[in-house]
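Have a look at the structure below before the remarks.
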Amino acid sequence: MKRRTIQVRIFRGDKKYVAECMDLPVVTQGDTLDEVTANIREAIGLHLEDEDLAELGIAPDPTIVATVELDAVA
């Protein structure tokens, strides 16, 4: 069965937001959440550009699901 989603973890690094794929060797960063999400979409697209998705076990046009880790409250 092919995965229909690509999981991404987004967290606040020392100075920037960092996004790392859980399913692919892709990592990027950005100054804002909007920037880091745009960067991870672009990075995933570039990584998969010439790949055979079936060989990687990924369905065509997969959805990116991001988990954002926020600072603790209290």
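The values are calculated or read from the model by the stated rules, or taken from the named source; none is laboratory data. Note that this is a predicted model, so its numbers are computed, not measured. With ideal geometry, Cβ positions are generated from the backbone for all residues, glycine too; neighbour counts draw on all protein chains shown.
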* **Those residues of region 27-74 which are in contact with a Leu (Cβ under 8 Å, 6 or more places away or on another chain) and small (G, A, S), in sequence order** => A59
* Asked: Can you find a residue in region 60-70 that is over 9 Å from the mean Cα position of the chain (by Cα), of a type in the set (D, E, K, R) and modelled with pLDDT of 90 or more?
  -> yes
* Asked: Does region 1-11 hold any residues that are within 14 Å of the chain's Cα centre (by Cα) and of a type outside the set (A, V, I, L, M, F, W, C), and which are they?
  -> R4, T5, Q7, R9
